[in-house]
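I have placed the structure first, in the form of structure tokens, so that the comments after it can refer back to it.
The values are calculated or read from the model by the stated rules, or taken from the named source; none is laboratory data. Model, not experiment: these values are computed from the prediction. Positions of Cβ are generated from backbone atoms using ideal geometry, with glycine treated the same way; all protein chains shown enter the neighbour counts. Surface accessibility is based on the protein's heavy atoms, side chains included, excluding ligands, DNA and RNA. Shrake-Rupley method; radii C 1.70, N 1.55, O 1.52, S 1.80 Å.
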Amino acid sequence: MSRRTRKGLLVVLIALGVFAGGVFVANSSWLYGAPGGPPTLLAHRGLAQGYSREGLGNDTCTASRMLPPEHPWLENTIASMRAAFDLGADSVELDIHPTTDGHFAVFHDWTLDCRTEGHGVTREHSLAELQALDIGYGYTADGGKTFPFRGKGVGLMPSLDQVLEAFPGRRFLMNVKSNDPAEGELLAGYLAALPEDRRDLLSAYGGDRPIAVLRQRLPTFRSMSRASIKDCFIRYAVLGWADQMPESCRRSVLLVPSNIAPWLWGWPHLFVARMQAAGTLVYLGGPMQGGSSQGIDDPALVADLVADGYAGGFETDRIDHLGPVLKK
């Protein structure tokens, strides 16, 4: 290698080093500083009963593996949502299904057989049929010897209308349980009929096809699917260092696994600020494992992040554990 070639290579390496240093500085959360203020909390299904996650599959009946009850509430009910808000939740995640008579029922499972005495696909029933069921029927913590909530959940499955009426000024994240594009049309029509200020407190995530329809019909409504969040993360990895915001990241909801978060440009403070400026809500969850992640339930896991002034959100399955500590 000639002297001139070595000199040229050295200049290139220095230039690359300066460029890399500039990118690092421009995306330094430490230099950006902490905005401060308390983090926001997203309560998954309100205040729910715990269950064993060992060997958990997509079709596992979680009510049949309930842990010994620590409180009297059942998930996705108005009472459990009220308890979650009282414990410090800023937003509640809930699950919705269209009914045969044009409503949306709030219930987690695709079928009724696990939690209730009913049978069949949830969305193949009318709202009246669903609200006649006992949603506490199938809960057991001892392999079926006792059912502590049986008879106590009759009529507790709410409609989406009833939830929004009960909590007019609260935020909700709606989980669309299907991959049916027709459900995206139904939900878009429902949301379009709401006052704008009420609609702005709502967001949705779910199947790629219904969410694609929803984003097309209501471009300014916050929504997210597996496809949109994957596209957002990939494009942000490519463009985020230059402070370029991908369109798939705008007006969205980002559920960020804790083992992915450190690799995002500007995490945590600058990343959260960029997303908030793009109209996107950020919620940090547990690590991604097997294609899914759980909520953050132990305050000790995020104590340093909170102490550093983190102003994004946390998703939790145990708002009764996280809320009282982080909302002091």
Original post:
Could you list, bin by bin from short to long, the percent of Cα-Cα pairs of the stretch 286-328 in 10 Å steps?
Top reply: 27, 55, 17, 1
Original post:
Among 311-320, 74-83, 298-307, how do they line up from the highest to the lowest mean number of other beta-carbon atoms within 10 Å?
Top reply: 311-320, 74-83, 298-307
Original post:
When we measure straight from the Cα of LYS328, which aspartates and glutamates land under 17 angstrom away, once same-chain ones fewer than 8 places off are left out?
Top reply: ASP86, ASP90, ASP297, ASP298, ASP304, ASP308, ASP320
Original post:
Nearest 20 debye, what's the magnitude of the dipole of the stretch 44-112 about its Cα centre given +1 on Lys and Arg Cβ and -1 on Asp and Glu Cβ?
Top reply: 120 debye
Subject >> Within the accessible area of the stretch 37-98 (1.4 Å probe), percent carbon and sulfur >> reply: 51 percent
**OP:** Choose one answer from THR60, THR116, THR100: the residue with the largest mean-square fluctuation in a GNM of the chain with alpha-carbon springs under 10 Å.
**Re:** THR60
Original post:
With the calculation restricted to Cα positions, what are the radius of gyration and Dmax of the stretch 60-120 in angstrom?
Top reply: 13.3, 37
Original post:
How large is ³J(HN,Hα), in whole Hz, for each residue of the stretch 40-55 in order, when computed from phi with the Karplus curve 6.51 cos²θ - 1.76 cosθ + 1.60 and θ = phi - 60°, using x for Gly and Pro?
Top reply: 8, 10, 10, 8, 6, 6, x, 9, 10, 6, x, 8, 5, 9, 5, x
Subject >> Additional length obtainable on full extension of the chain from ASP59 to LEU239, 0.36 nm per residue less Cα span >> reply: 61.0 nm
**OP:** Roll a 1.4 Å probe over the protein chains and send me the accessible area per residue for the chain in Å².
**Re:** 49 Å²
Original post:
Percent of accessible area on the stretch 226-328 owned by carbon and sulfur, 1.4 Å probe?
Top reply: 56 percent
Subject >> the stretch 212-328 - convex hull of alpha carbons, volume per residue in Å³ >> reply: 113 Å³
Original post:
With Cβ to Cβ distances under 11 Å as the rule, what net charge do the other residues near LYS177 carry (K, R +1; D, E -1)?
Top reply: -3
Subject >> Rg/Rh ratio calculated on Cα atoms of the stretch 85-201 (Kirkwood radius) >> reply: 1.00
Original post:
Taking springs between alpha-carbon atoms closer than 10 angstrom, which of GLY138, GLY295, GLY169 fluctuates most in the Gaussian network model of the chain?
Top reply: GLY169
Original post:
Given charges of +1 on the Cβ of Lys and Arg and -1 on the Cβ of Asp and Glu, with all other atoms neutral, how large is the dipole of the stretch 122-230 about its Cα centre, in debye to the nearest 20?
Top reply: 420 debye
Subject >> Placed amide H near ALA204: partners under 5 Å, 5+ positions off or other chain >> reply: MET174, SER223, MET224
Original post:
For the chain, what does -39500 (n - 2.57) per DSSP helix run (n ≥ 4), summed and divided by total residues, give at 222 nm, in deg cm²/dmol to the nearest 500?
Top reply: -9500 deg cm²/dmol
Original post:
Using θ = phi - 60° and the Karplus form 6.51 cos²θ - 1.76 cosθ + 1.60, what ³J(HN,Hα) does each residue of the stretch 62-74 get, whole Hz, x for Gly and Pro?
Top reply: 6, 5, 7, 10, 4, 7, x, x, 10, 7, x, 9, 10
Subject >> Length released on extending from TRP263 to VAL306, taking residue separation times 0.36 nm less the Cα-Cα span >> reply: 13.6 nm
